[in-house]
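What follows is one structure encoded as structure tokens, with my remarks underneath.
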Amino acid sequence: MNHAYKEPLIVQEVAPRDGLQIEKQWLETEDKVALIDGLSACGFTRIEAGSFVSPKAIPALRDGDAVFNGIRREKGVIYVALVPNVKGAERALAAHADELNLVMSASQTHNRANMRMSCEASLAGFGDVVRLVQRAGSTVSLNATVATAFGCPFEGRIDEDRVVSIARAYREMGIDGITLADTTGMANPRQVARLVARVLDDMPATHLTLHFHNTRGLGLANVLAAYEAGARRFDAALGGLGGCPFAPGASGNICTEDLVNMCEEMGIPTGVDLQKLIALSRTLPALVGHDVPGQVAKAGRNCDLHPVPDYVRAI
Ligand code: COA
Ligand code: ZN
């Protein structure tokens, strides 16, 4: 029996941001707000509710300001906004986001594809965002993501020393929270365990988030490897929606209800209401206009038993 399995696993729900950013069909602001309000009632402590990026880059989330202004703020829930630059930070502060999530890729090529700038230019912009927040006297918290931290669809392997030093650079800038993101599902459990252990030498687990995509079917295996290496916070998207439109072959985040179900079966506390989550996930196909990859919403929980057929009773 591994006693570490009693330690809570914090799920940060990212469907309203990572999930919806790649959707082709426009979702009305009120539908986004209703989805976030539904998620707020499921017991999450953190929800990434949208992004404040160029509307040309991500048209699906161009109404971030209206979404943040429309949602019901559940007590105890941190509503996070993804931002790429100072303009995004200004919009997110005006919309009263509780936390800003800055994003840069470890891969220069993916950063150019996604953010249309070099990593150096992204980092300089993050410095400007930190100063903006300090000048404003804002209580907003700061997180920064190392995207493509486990592999890049253009460059392939990513040097682990580079990932560790980017995380260190973020923290030296005054950004407390770090996310290591596997943008296109290239991570494997051994690599994850190694990198998590290295990053946790420099920072507390309370400020580290792991962000996995299930592109190659290793999402939950990677979660367990990270958890066993000491990580405690994980991004996941309802229904397994998600993906970066600027990463070829990208597909969904790990699925929230699949993750929560695994945790429940293993006795790992998450604080998330699985039944409510499954009910909400089952509304997604009608909302986004297609089937979604999550499995537990289709299969039901282990305890959702089926009636015994008459022919079996007769035996
Ligand atoms: N919010 C709204 N508009 C923004 C913006 C922001 N955060 N940042 C820039 N813009 C606008 C500019 O005002 C300008 O508008 P205009 O054409 O009407 O004058 C236009 O976008 C281009 O601005 P520029 O600074 O030249 O940006 P760019 O074209 O070099 O793109 C980014 C840089 C970072 C803004 C863009 O690549 C981006 O938003 N990327 C995010 C992609 C993303 O969200 N990926 C998935 C999540 S990881
Ligand atoms: Zn992602």
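The values are calculated or read from the model by the stated rules, or taken from the named source; none is laboratory data. Computed from a predicted model, the values in this text were never measured in an experiment. Please note: Cβ atoms are built from the backbone with ideal geometry, for glycine as well, and neighbour counts cover all protein chains shown. Protein only, heavy atoms only, side chains kept; ligands, DNA and RNA dropped before computing areas. Shrake-Rupley method; radii C 1.70, N 1.55, O 1.52, S 1.80 Å.
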So which of ALA49, ALA66 ends up being over 16 Å from the mean Cα position of the chain (by Cα) and not basic (Lys, Arg)? ALA66
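Among the residues that make up region 156-174, is at least one of them in contact with a Ser or Thr (Cβ under 7 Å, 6 or more places away or on another chain), at pLDDT 95 or above and assigned to a loop (DSSP other than H, G, I, E, B)?
Here is the first cut: in region 156-174, the ones in contact with a Ser or Thr (Cβ under 7 Å, 6 or more places away or on another chain) are 158.
Filter again for at pLDDT 95 or above, leaving 158.
Subsequent filtering for residues that are assigned to a loop (DSSP other than H, G, I, E, B) retains 158.
Checking region 156-174: at least one residue is in contact with a Ser or Thr (Cβ under 7 Å, 6 or more places away or on another chain), at pLDDT 95 or above and assigned to a loop (DSSP other than H, G, I, E, B).
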Looking at region 183-298, what helices (runs of 4 or more DSSP H) fall wholly within it and have at least 2 residues that are within 23 Å of SER40 (Cβ to Cβ)? 256-266, 274-281, 284-288
Being away from ligand 2 (no atom under 16 Å from the Cβ), closer than 30 Å to VAL288 by Cα and either open to solvent by 10 Å² or more (accessible area, probe 1.4 Å) or not basic (Lys, Arg) (or both) narrows it down to one of LEU142, LEU224, LEU220, so name that one. LEU224
What number of residues in region 227-268 are of a type in the set (A, V, I, L, M), within 12 Å of ligand 2 (Cβ to nearest atom) and touching a Ser or Thr at 6+ places or on another chain (Cβ under 8 Å)? 4
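Condition check ((1) within 20 Å of GLY151 (Cβ to Cβ); (2) modelled with pLDDT under 95; (3) open to solvent by 10 Å² or more (accessible area, probe 1.4 Å)) across all residues:
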{"site": "ALA197", "(1), (2), (3)": "yes, no, yes"}
{"site": "LEU210", "(1), (2), (3)": "yes, no, no"}
{"site": "THR215", "(1), (2), (3)": "yes, no, yes"}
{"site": "ASP235", "(1), (2), (3)": "yes, no, no"}
{"site": "THR256", "(1), (2), (3)": "no, no, no"}
{"site": "GLY271", "(1), (2), (3)": "no, no, yes"}
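Residue-by-condition table, conditions (1) within 18 Å of the chain's Cα centre (by Cα); (2) not acidic (Asp, Glu):
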site	(1), (2)
CYS119	no, yes
VAL129	no, yes
ILE166	no, yes
ALA169	no, yes
ASP176	yes, no
MET186	yes, yes
MET203	no, yes
HIS207	yes, yes
Considering each residue of region 299-315, count those that are assigned to a loop (DSSP other than H, G, I, E, B) and open to solvent by 80 Å² or more (accessible area, probe 1.4 Å), and give that number. 7
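List the strands (runs of 3 or more DSSP E) that sit entirely inside region 1-110 and contain at least 1 residues that are open to solvent by less than 20 Å² (accessible area, probe 1.4 Å) and within 11 Å of ligand 1 (Cβ to nearest atom). Reasoning before the result, please.
Numbers: elements: 10-13, 46-51, 78-83, 99-105.
Result: 46-51, 78-83, 99-105.
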Please list, ordered by first then second residue, the pairs with beta carbon atoms under 8 Å, 6 or more apart or interchain, first in region 237-264 and without any contact (Cβ under 8 Å) to a residue 60 or more places away in the chain, second open to solvent by 10 Å² or more (accessible area, probe 1.4 Å) and of a type in the set (Asp, Glu). GLY240/ASP258
Within region 113-121, can one find any residue that is farther than 22 Å from ASP18 by Cα, open to solvent by 60 Å² or more (accessible area, probe 1.4 Å) and not in a loop (DSSP other than H, G, I, E, B)? yes
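Being of a type in the set (D, E, K, R), in contact (Cβ under 8 Å) with a residue 40 or more places away in the chain and away from ligand 1 (no atom under 16 Å from the Cβ), is that true of even one residue in region 291-307?
Yes.
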Scan region 268-279 and give yes if some residue there is in contact with a strand residue (DSSP E or B) (Cβ under 8 Å, 6 or more places away or on another chain) and on the phi < 0 side of the Ramachandran plot, otherwise no. yes
Pull out all pairs, ordered by first then second residue, where Cβ-Cβ is under 6 Å, the residues are six or more apart or on different chains, the first lies in region 200-226 and is more than 21 Å from ARG168 (Cα to Cα), and the second is in a helix (DSSP H, G or I) and open to solvent by 20 Å² or more (accessible area, probe 1.4 Å). LEU220/MET262; ALA221/PRO189; ASN222/PRO189; ALA225/PRO189; ALA225/ALA193
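What is the residue count in region 83-124 for residues that are aliphatic (A, V, I, L, M), away from ligand 2 (no atom under 16 Å from the Cβ) and more than 24 Å from ILE71 (Cα to Cα)? Don't jump to the end; show me each part of the working.
Kept after step one, since they are aliphatic (A, V, I, L, M), are these residues of region 83-124: 83, 86, 89, 92-95, 97, 100, 102-104, 106, 113, 115, 117, 121, 123-124.
Next cut, away from ligand 2 (no atom under 16 Å from the Cβ) only: 86, 89, 92-95, 97, 100, 117, 121, 123-124.
Applying the additional criterion that residues be more than 24 Å from ILE71 (Cα to Cα) yields 117, 121, 123-124.
Total meeting the criteria: 4.
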